[in-house]
Amino acid sequence: MVAIATIAAHDPAGPHLAGRPGAAGRRPGQTGRMRSSPTRLPLVLGAVLVALLALAAGWLLHFGATGSGPADADAALLTDAIAVREPALTTTAVTITTIGSTAAMALLAAAMCVVSWLRGHRADALFVAAAAIGGSALFRLLKVFFDRPRPPVATRLVNETNESLPSGHATMSVVIVGALVVLLWTGRGTVARVALLTAATLWVVAVGATRIYLGVHWFSDVLAGWFVGATWLAVCVVVRRSWGSRPGEPAPVDADPVEPADDR
């Protein structure tokens, strides 16, 4: 997630122009709006990141569907989760899984879209909307395609009826919380960024862990969901980054006009 946020926040104009939109790189006599095109390097790095995440997500989906690789630990981890169940922990798990549900993530995404739009960051609103809608469609299509059964009904503490692979909670927690990190990343200091990333990571892990604890997902479902979500978030960030202005920032504004020199 830190790599995604860093690529999103990279200044397209370069370090020497940071915070000075339109103030440099102008030819004498040029006036009006100044827009810098994105450098190629962050977009290339973003494309490489997308490819690596997609490869990892594909392998994890394969492992989950075939019961191989990390899925070898599915049954043991479910048994361990059942063994540590107790009322207070179950209440906490249900609360976390409810707050981290796909419906709750949709509400958070809608709120992010409204706030971004009202603040004039309309490209950010579209970025969040695309991430939320696309992520939801992606994990639902994958569920139907793989049609993996959930753990036995006797192990479940909450009711779930659709397919198991990948976990929708895991996927959308990465997509929506990750999008929030991307929007808040720009302009923050190192301490704030570390705190932001740590909080987001702990939340995503907690949501995924509750799905195993509650007996509604296998470990491999959750692992695949995290990487499917990260892949889609990276795609959205790279596309958003290609628009030229950084997520979380308004588009560059007109600089003071530079009067052309008189040729006398």
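Taken together, the values in this text are just the output of simple stated rules run on the coordinates, not laboratory data. These numbers come from a predicted model, not from an experiment. Ideal geometry is used to build each Cβ from the backbone, glycine not excepted, and the neighbour counts take in all protein chains shown.
How big, on average over all directions, is the shadow cast by the Cα convex hull of region 38-241, in nm²?
So the Cα hull casts an average projection of 12.1 nm².
Relative contact order for region 38-241 using alpha-carbon pairs under 8 Å, separation at least 6, rounded to a whole percent?
This gives 37 percent for region 38-241.
Cut-off is 10 Å between beta-carbons; in what order do LEU180, LEU202 appear when sorted fewest neighbours first?
LEU202, LEU180
How big is the charge dipole of region 38-241 about its Cα centre, in debye rounded to the nearest 20, if each Lys and Arg gets +1 on its Cβ and each Asp and Glu gets -1 on its Cβ?
Computed charge dipole of region 38-241: roughly 740 debye.
Could you list SER173, SER68 so that the one with the fewest beta carbons within 10 Å of its beta carbon is first and the one with the most is last?
By the 10 Å Cβ count, ascending: SER68, SER173.
Would you kindly derive the ³J(HN,Hα) couplings of region 187-198 from the backbone phi angles with the Karplus curve 6.51 cos²θ - 1.76 cosθ + 1.60 (θ = phi - 60°), listing them in order in whole Hz, with x for Gly and Pro?
For region 187-198, the Karplus-derived couplings read x, 8, x, 4, 4, 5, 5, 5, 5, 5, 5, 5 Hz, x marking Gly and Pro.
Per-residue HN-Hα couplings for region 163-168, Karplus 6.51 cos²θ - 1.76 cosθ + 1.60 at θ = phi - 60°, whole Hz, x for Gly and Pro?
Per residue, the Karplus-derived 3J(HN,Hα) values read 6, 9, 10, x, 5, x Hz.
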